[in-house]
Amino acid sequence: MAKVIVVTSGKGGVGKTTSCASLGSGLALRGHRTVMIDFDVGLRNLDLILGCERRVVYDLVNVIQGEASLQQALIRDKRADELYMLPASQTRDKDALTLEGVQQVIAELSRDFDYILCDSPAGIERGAQLAMYFADEAVLVTNPEVSSVRDTDRIIGLLHAKTLAAKEGRKITEHLLITRYSPERVHQGEMLSLEDVQEILAVPLMGVIPESEAVLTASNKGIPVIHDETCDASQAYRDAVARLLGEERPLRFTEYRKQGLFSRVFKGGR
């Protein structure tokens, strides 16, 4: 039976889909058969991050409405053999998704996959609630800023009240993933510290992804940044995947290091 994980956030633009793509790729690279479902009907982006937008023929809504089979709609990733993606529709309304339809899709996928990652739309509307409804675990993606953290706290409330696990008296396992973290900006008082975010949300920390231009560059190329092993963000995502699998990894890229005179001069001269 597959483990269903929703990747969610309250606020848009925090790197949720980017994170879903890298986490899914990381699980597949570790040998786990993984499928990602894009629940953002009307605004799909997961296919762009994976670089497979030209291969989309059928989507989640087509499958739910019986217009295509799962086998027809699933897209196999070209970089990780164990990774598949079920795209969202760009032309349908979010009301085209039904609880019964989503349940059927997840049940069918559970027979063939180890992990099902549900890439939730931002916010607390119907699409987001359907993405999290059948989840066993949740990855809460947030930036270290007040509005993002506050909105994430609202999502935690939904996980505790509006999911199948909540109705059955079970608790969803929650993981906190902090993205776009800059120790220098924390030091300058421009963003919340790691400790501040943890104190507010009280969710176990799965990873801290450093602020990096490599993330945007990789996304624009249609390549999940976890494949770029030379950058800090890739290494941070690999650490997060390891922790998701129950392994212990030391936390990296969170300490502020004051630049020396030589470093400042050299940087300024480039």
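The values are calculated or read from the model by the stated rules, or taken from the named source; none is laboratory data. Values in this document were obtained by computation on a predicted structure and should not be read as measured data. Because the Cβ atoms are built from the backbone with ideal geometry, glycine has one as well, and the counts that use them run over all protein chains shown. Areas reflect the complete protein model, heavy atoms only, side chains present, ligands, DNA and RNA absent. Shrake-Rupley method; radii C 1.70, N 1.55, O 1.52, S 1.80 Å.
For region 99-110, a tally of residues being in contact (Cβ under 8 Å) with a residue 12 or more places away in the chain and open to solvent by 50 Å² or more (accessible area, probe 1.4 Å) returns 4. The residues of region 152-172 that are surrounded by fewer than 19 Cβ atoms within 10 Å (Cβ to Cβ) and either within 25 Å of Glu190 (Cα to Cα) or not small (Gly, Ala, Ser) (or both), listed by number, are Asp153, Arg154, Leu158, His160, Lys162, Leu164, Lys167, Glu168, Arg170, Lys171. Looking at region 220-233, can you tell me whether even one residue there is open to solvent by 30 Å² or more (accessible area, probe 1.4 Å), within 16 Å of Thr17 (Cβ to Cβ) and without any contact (Cβ under 8 Å) to a residue 60 or more places away in the chain? Yes, the conditions are met somewhere in region 220-233. Note on region 111-147: residues that are of a type in the set (S, T, N, Q) and assigned to a strand (DSSP E or B) amount to 1.
Of all residues in region 206-219, exactly one satisfies the criterion of being without any contact (Cβ under 8 Å) to a residue 60 or more places away in the chain, out of contact with any Phe, Trp or Tyr (no Cβ under 6 Å at 6 or more places or on another chain) and of a type in the set (Val, Ile, Thr), namely Thr217. Gly51 - would you say it is among the small types (Gly, Ala, Ser), farther than 24 Å from His32 by Cα and touching a helix residue (DSSP H, G or I) at 6+ places or on another chain (Cβ under 9 Å)? Criteria not met by Gly51. Anything in region 175-199 that is open to solvent by 20 Å² or more (accessible area, probe 1.4 Å) and within 26 Å of Leu130 (Cα to Cα)? List them, or say none. Correct list: His175 only.
Taking (1) part of a loop (DSSP other than H, G, I, E, B); (2) modelled with pLDDT of 95 or more; (3) surrounded by fewer than 18 Cβ atoms within 10 Å (Cβ to Cβ) in turn, Gln72 satisfies each apart from (1). Inspection of region 97-110 finds a residue satisfying the criterion of being part of a loop (DSSP other than H, G, I, E, B), farther than 21 Å from Gly10 by Cα and more than 18 Å from the chain's Cα centre (by Cα). For region 200-215, the set of residues classified as open to solvent by 20 Å² or more (accessible area, probe 1.4 Å) and not in a strand (DSSP E or B) consists of Ile200, Ala202, Pro204, Glu211, Ser212, Glu213, Ala214, Val215, listed by residue number.
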